[in-house]
Amino acid sequence: MFAKDYVRHRLTGDYVTDTIEAQGSMFFNSSTMDWSPELCDVLKLDMNMLPRLVRPDDIVGQILPEAAKQTGLKPGTPVLCGTTDTVMEVFASSAIRPGQMTVKLATAGRICVITEKACPSPWLINYSHIVPGLWYPGTATKSCAASYRWFRDVFGGDYRELDRLASQVVPGCEGIMFHPYLNGELTPYADPLLSGSFIGIRANFGKGHFARAVLEGVALSMLDCLDCLERLDIEHDNHATIIGGGGASPLWRQILADTLQLELVQNERSDSSFGSAMLAGIAAGMFDSPEQAVGVCTRSISRTQPNADMSGFYRDMFAKYKAVHDALAPVYHQ
């Protein structure tokens, strides 16, 4: 059972999962939208052990009396199945039509684009959307906001102070560069042996240089992801909704917008719990469709415009970023 399905099982006694969550099980056929006999046979897994498949917005049970006593929820309250956190963030960000994008600055970083079909690639993670017929193939930077948290925890300070110091350093950090491969890297390398690095360190550099280098290094890793999407000819808008805790930093939003050359839209709310509440509203009949739920519930609170003059600067920096990767990768494999 997936984690959310176990919690819901304790509430209702059901034994089901949704067709989006199931896609991450390695036992699912995304073409037939059903469990795969061939994949189950690899492990000699009895398919009768697997949960029944439903849609994310299907009502699958009611709050049991014992669960009501334990939680304070009203007995008989209908419960929908629900689905994965990422698709709920994508939904909450109002990305529900082809070409729309989300840029996620969380523990891991992701750029997801809404498409009308799956886009099989070793560099992408494909899941279907809650809107029937749509998908949200996405890239992945393994240590995104996790890199900034690591820097804070190791070198001290808080995020506001680190942002203040970083804002006093010129773009490019006078030559210092960070690669955020603290746990290897996914897109576009799928290489667990890569390691993080600072290069170009000089004696006159202070803490702000290192802090800004982390922010820029993650942004360049996200540019690696965007380039991957474009090499695969996945069409996208020239703006994206930014989600995740790192998006709270105005400085990081501007660095990312300049690096990606995308307008970044910040919504009032875009977390997975809010998307789940919107989905519950559809299941309960409050909204007729995902489009209506988005129209009623989502509101943008800021827009970060890319500085066109910085495009060439960060592209040149990106070429150096790639060259450093190419030079160091063989060392990490020794």
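Remarks
- Matching residues in segment 188-226 - criterion: being in contact with a strand residue (DSSP E or B) (Cβ under 8 Å, 6 or more places away or on another chain), open to solvent by 40 Å² or more (accessible area, probe 1.4 Å) and of a type in the set (Ser, Thr, Tyr): Ser195
- Residue list for segment 143-174, filter: closer than 16 Å to Ala219 by Cα and surrounded by fewer than 14 Cβ atoms within 10 Å (Cβ to Cβ): Val170
- Positions within segment 110-120 being open to solvent by less than 40 Å² (accessible area, probe 1.4 Å), over 12 Å from the mean Cα position of the chain (by Cα) and not β-branched (Val, Ile, Thr), in sequence order: Ala118, Cys119
- Annotation note: Cβ proximity below 7 Å between a residue of segment 270-298 that is more than 28 Å from Ala106 (Cα to Cα) and of a type outside the set (Ser, Thr, Tyr) and a residue that is open to solvent by less than 70 Å² (accessible area, probe 1.4 Å) and assigned to a helix (DSSP H, G or I) (sequence gap 6+ or interchain) occurs for Phe287/Gly281; Phe287/Ala293.
- Enumeration of residues in segment 299-318 that are free of Cβ contacts under 8 Å to residues at least 60 places away in the same chain, in a helix (DSSP H, G or I) and open to solvent by 70 Å² or more (accessible area, probe 1.4 Å): Ala308, Asp309, Arg315, Asp316
- Cross-chain or 6+ apart pairs with Cβ under 8 Å, segment 132-155 first and on the phi > 0 side of the Ramachandran plot, then surrounded by fewer than 24 Cβ atoms within 10 Å (Cβ to Cβ): Gly133/Glu116
- Residue selection: Asp326 satisfies the criterion of being surrounded by fewer than 19 Cβ atoms within 10 Å (Cβ to Cβ), at pLDDT 95 or above and within 21 Å of Phe178 (Cα to Cα).
- Members of segment 130-142 found to be over 10 Å from Leu105 (Cα atoms) and either open to solvent by 10 Å² or more (accessible area, probe 1.4 Å) or in contact with a strand residue (DSSP E or B) (Cβ under 8 Å, 6 or more places away or on another chain) (or both), listed by number: Val131, Pro132, Gly133, Leu134, Trp135, Tyr136, Pro137, Gly138, Thr139, Ala140, Lys142
- Any hit, segment 320-333, residues being under 21 Å from the mean Cα position of the chain (by Cα) and in contact (Cβ under 8 Å) with a residue 12 or more places away in the chain: no
- Evaluation of Tyr127 against the conditions (1) among the hydroxyl-bearing types (Ser, Thr, Tyr); (2) open to solvent by 40 Å² or more (accessible area, probe 1.4 Å); (3) under 17 Å from Ala211 (Cα atoms) shows that the sole unmet condition is (3).
- The condition of being open to solvent by 10 Å² or more (accessible area, probe 1.4 Å) and either at positive phi or in a loop (DSSP other than H, G, I, E, B) (or both) holds for Thr107.
- Of everything in segment 10-28 that is out of contact with any Lys or Arg (no Cβ under 7 Å at 6 or more places or on another chain) and among the β-branched types (Val, Ile, Thr), the residue that is farthest from Thr71 (Cα to Cα) is Ile20.
- When Arg269 is tested against (1) at pLDDT 95 or above; (2) out of contact with any strand residue (DSSP E or B) (no Cβ under 6 Å at 6 or more places or on another chain), just one condition goes unmet, and that condition is (1).
The values are calculated or read from the model by the stated rules, or taken from the named source; none is laboratory data. Predicted model, so just to flag it, every value in this text is computed and none were measured. Counting neighbours? That spans all protein chains shown, and the Cβs are built from the backbone with ideal geometry, glycine included. Quick note on the areas: whole protein, heavy atoms, side chains included, nothing else; ligands and nucleic acids left out. Shrake-Rupley method; radii C 1.70, N 1.55, O 1.52, S 1.80 Å.
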